[in-house]
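The values are calculated or read from the model by the stated rules, or taken from the named source; none is laboratory data. Since the model is a prediction, treat every value here as computed from it, not as a measurement. All Cβ positions, glycine included, derive from the backbone under ideal geometry; neighbour counts span all protein chains shown. Protein only, heavy atoms only, side chains kept; ligands, DNA and RNA dropped before computing areas. Shrake-Rupley method; radii C 1.70, N 1.55, O 1.52, S 1.80 Å.
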Amino acid sequence: MDLQEYIELVFTDYTLRTITLGTAILGAICGMLGSFAVLRKQSLLGDAISHAALPGIAIAFLVLGTKNSAAFLLGALVSGLIGTFWIRGITRKTHLKSDTALGLILSLFFGFGMLLLTYIQKQPNANQAGLESYLFGQAATLLESDVWLMIIVTGISLVILLLFWKELKLLLFDPEYTKTLGFNTKFLDILITTFIVVAIVLGLQTVGVVLMSAMLLAPAAAARQWTNNLAIMVILAAIFGASSGVLGTAISASHNNLSTGPVIVLVAGAFVLISFVFSPGRGLLFREIRFRKNRNDLQLHKTLSFMYDIASTHEDISHPHAIKILNNFQGFTRKSLQKLEDKNYIKVHGNMWSMTASGFHTAANLYNQLVKAEEDE
Amino acid sequence: MEEKIAVQIDDLTVAYNYKPVLWDIDLAIPEGVLMAIVGPNGAGKSTLIKSILDIIKPIAGSTKIYGKSYKKQRSLVAYVPQKGSVDWDFPTTALDVVMMGTYGSLGWIKRPGQKEKKAALEALEKVGMLSFKHRQISQLSGGQQQRIFLARALVQNASIYFMDEPFQGVDATTEKAIINILKELRKAGKTVIVVHHDLQTVPEYFDWVTFLNVKKIATGPVKDIFNDDNLTKTYGINYKVSIKQ
């Protein structure tokens, strides 16, 4: 199936439409809530929660003996939340730092989950087939009811986000100050964490336990590069997340059914890479360009002001001087002379140069201009 | 003379783990003073402020704002935290941070409107930062960030101001600008409590001082108690400071 065929199929084929819609909504909610995780510097929490969800899924299967995605969600939610509270408990009650607590809980829960999975696979129960798809996700298993669940959860979190926008922003920026103003920070904290857990649990079926945290963090990290406004960042992250979902599904469906989860995550990764390099304000490329341009300009200005010092010793400012006398000035090149001549600051005749009136004037005001430009910025 | 007490602290003891950070503090801060809290690193200066503001739960003791608990008197109190306590790369503008000072009086859910924006702009003007209102906060210098924090507290329009090292890492111009605002606040009858590090400027800036080193060493008017004896007791070395008065 090629890409064009796929696009036609999205509108006609029920299954493909469900999957595309599901991954798009999942991407949007993960991007939205992931922004909060990133700004709270709790990026790794998502990773720990998703890994901690695995034993919950396995236990839900052991209890029921069948695959039931609603029960799996519940199991994942419960064990994800238990993992989260243990992490918080460890950091609060012991001297261990949060990275240690996260790493510990992540590995312990994941290890336990894997143990249960291998145990389940040894059972003579035919139903267990496909349970391991929770490791890396399988978008093909998405049903319409799953998509509805995602829509409802996204809607609820959107309403709560808008309702408590002011309080959440305050908490993200300055938690202690939030407390002094009389807001219940514990409530806000639990609100954010719960939503992050819910988003992760929703994505497990599609993206899988192992890769889920990338889904949460990548769109937010990419969005941060493009804006300095929190609201725009959250919206952009949702758009990036949704696009990753749609593009990832399209690529995986049109290429021999490549595993959807990894493809979606790689697409999200591509968004991050592009943002890191090409975003205008914070991107590496434009920063480098600005840096070089500034340095070149400065070098040119230094040369000009050196010439100005020489020219101003003479009564006639346009009196020709030998280029040789510039040789003891570091940073001067033939190229920079050429550039200065292009700007009509100086004139070059053979081995001599002379300053123009405009060059003299510019050089005289150079320092003042630089200072002013800094203030205006 | 009967003085009104703005902040009353009784038997306050705070500990993070096993070691007490504050030990049995009794302190009465009269209304309308501009007070410095001085003491060495680890003396519990920030902790004292945070306990009064209910950010940290004490092990024992009580703090009262005009005779009632902080919870009831919240609207009378404004706070300027240490500049380094937040991430200045947060995606927001100077004006937006100052607006946060209005959130407390707005309460839950209600959004700031024109009235709040006007108050924030006035505060920005007062600290000389009006032309920076749309600047992303990471692009502000340390001194400018400190002024933004001060403006955010001014917007709260409180009676008592707590400030944690507002002069840390700011240049002489900003320091002068800030102290002038603090003196204006005192002139308007407000009480201002400042964690301060530069002992040389205490007599010039403040009229009241508290020496703190886990225990309270002394508290009172600068002209009476700011002397080598108390400095030595607080800092543990033979301290000599030239007092310009």
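Could you run the numbers on buried accessible area between B and A, total for both chains, 1.4 angstrom probe, in Å² to the nearest 100?
Working: alone 12490 and 20320 Å², together 29850 Å².
The B and A chains share an interface burying roughly 3000 Å².
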>> Can you compute the modelled spin-label distance between B:E31 and A:D316, with each label point 7 Å from Cα toward Cβ, in nm?
In response: 8.1 nm
>> Please compute, over every Cα-Cα pair in chain B, the percentage with a separation greater than 23 angstrom.
In response: 50 percent
> Between the stretch A:100-127 and the stretch A:1-47, how many Å separate their Cα centres?
Replying inline: 26 Å
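I need the calculated FRET efficiency for the pair A:I82 and A:E8, taking r as the beta carbon distance and R₀ as 45 Å, to the nearest 0.05.
On the way: r = 46 Å, r/R0 = 1.01.
With R0 = 45 Å, the Cβ-Cβ based efficiency is 0.50.
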> Cross-link partners among lysines for B:K117, C-alpha distance below 18 Å, same-chain residues fewer than 8 apart left out?
Replying inline: A:K166, A:K169, B:K126, B:K133
>> Just the number: Rg to Rh for the stretch A:34-84, Cα atoms, Kirkwood Rh, two decimals.
In response: 1.11
> Within chain A, which DSSP H helices have Cα atoms that stretch 18 Å or more along the helix axis and a mean Kyte-Doolittle hydropathy of at least -0.5?
Replying inline: A:14-39, A:43-64, A:69-93, A:98-121, A:144-163, A:185-207, A:212-226, A:230-254, A:260-278, A:284-311, A:357-376
> Dipole of the protein assembly as shown, Cα-centred, from +1 at each Lys and Arg C-beta and -1 at each Asp and Glu C-beta, to the nearest 20 debye?
Replying inline: 640 debye
> Taking the Cα centre of the stretch B:125-198 as origin and charging only Cβ (+1 Lys, Arg; -1 Asp, Glu), how large is the dipole, in debye to the nearest 20?
Replying inline: 340 debye
> Using a Gaussian network for chain B with springs between C-alpha atoms less than 10 Å apart, which of these wobbles most: B:G107, B:G143, B:G220?
Replying inline: B:G107
> Based on DSSP, what percent of beta bridges with both residues in chain B are antiparallel, to the nearest 5?
Replying inline: 55 percent
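Restricting everything to alpha-carbon atoms, can you work out Rg to Rh for the stretch A:249-371 with a Kirkwood hydrodynamic radius?
Numbers: Rg = 25.0 Å, Rh = 18.0 Å.
Ratio of gyration radius to Kirkwood radius for the stretch A:249-371: 1.39.
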> Do any of B:K83/B:K233; B:K50/B:K83; A:K302/A:K343 go past 18 Å between their Cα atoms, and which?
Replying inline: B:K83/B:K233
> Given labels modelled 7 Å from the Cα in the Cβ direction, how far is it in nm from A:S305 to B:D224?
Replying inline: 5.7 nm
> How much length, in nm to one decimal, is gained on full extension between A:S358 and A:N257, taken as 0.36 nm per residue of separation minus their Cα-Cα distance?
Replying inline: 29.6 nm
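Could you give the Stokes-Einstein D for the stretch A:59-129 in µm² per second, using the C-alpha Kirkwood radius, 20 °C, 1.002 mPa s? Write down the numbers at each step before the final one.
On the way: Rh = 13.6 Å.
After rounding, the answer is 158 µm²/s.
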>> I need the calculated FRET efficiency for the pair B:K183 and B:I59, taking r as the beta carbon distance and R₀ as 41 Å, to the nearest 0.05.
In response: 0.70
> Which of A:I152, A:T84, A:V198 sits farthest toward the positive end of the charge dipole of chain A, with +1 on the Cβ of Lys and Arg and -1 on the Cβ of Asp and Glu?
Replying inline: A:T84
> Label-point separation (nm) for A:N229 and B:N17, each offset 7 Å from Cα along Cα-to-Cβ?
Replying inline: 4.6 nm
> Binned at 10 Å from 0, what are the whole-percent values of the Cα-Cα distance distribution for chain A, short to long?
Replying inline: 5, 19, 22, 16, 9, 9, 10, 6, 2, 0, 0
> Picking from B:Q145, A:L304, B:S51, whose Cα lies most toward the positive end of the charge dipole for the protein assembly as shown (charges on Cβ: Lys, Arg +1; Asp, Glu -1)?
Replying inline: B:S51
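Using DSSP to call loops (not H, G, I, E or B), can you name the trypsin sites (Lys or Arg not before Pro) in the stretch A:4-111 whose Cβ has at most 12 other Cβ atoms within 10 angstrom? Mind dumping the intermediate values first?
On the way: sites: A:R17, A:R40, A:K41, A:K67, A:R88, A:R92, A:K93, A:K97; in loops: A:R40, A:K41, A:K67, A:K97.
Here the sparse-neighbourhood loop sites are A:K41, A:K97.
With a/c under 1.5 counting as rounded, go ahead and sort the stretch A:1-115 into rounded, prolate or oblate using the C-alpha gyration tensor (a ≥ b ≥ c being the square roots of the eigenvalues; past the cut-off, prolate if a/b is larger than b/c, else oblate).
Values: a/c = 3.12, a/b = 1.64, b/c = 1.90.
Note, shape of the stretch A:1-115 comes out oblate.
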> Considering chain A as a Gaussian network with a 10 Å cut-off on Cα pairs, which listed residue, A:G22, A:G75, A:G350, attains the greatest mean-square fluctuation?
Replying inline: A:G350
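If you take the beta carbon distance between A:V348 and A:V277 as r and set R0 to 60 Å, what does 1/(1 + (r/R0)^6) give as a FRET efficiency, to the nearest 0.05?
Values: r = 39 Å, r/R0 = 0.65.
For R0 = 60 Å, the calculated efficiency reads 0.95.
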>> Please compute the volume of the convex hull spanned by the alpha-carbon atoms of the stretch B:1-133 and report it per residue in Å³.
In response: 172 Å³
> From the residues B:T232, B:Q136, B:G107, which one has its Cα farthest along the dipole of the stretch B:97-245 in the positive direction, the dipole being from +1 and -1 charges on Cβ of Lys/Arg and Asp/Glu about the Cα centre?
Replying inline: B:G107
> Mind checking which of A:G245, A:G111, A:G261 has the largest fluctuation in a GNM of chain A, springs on alpha carbons under 10 Å?
Replying inline: A:G111
>> With viscosity set to 0.692 mPa s at 37 °C, what whole-number translational diffusion coefficient in µm²/s follows for the stretch A:98-232 from Stokes-Einstein and a Kirkwood radius over Cα pairs?
In response: 184 µm²/s
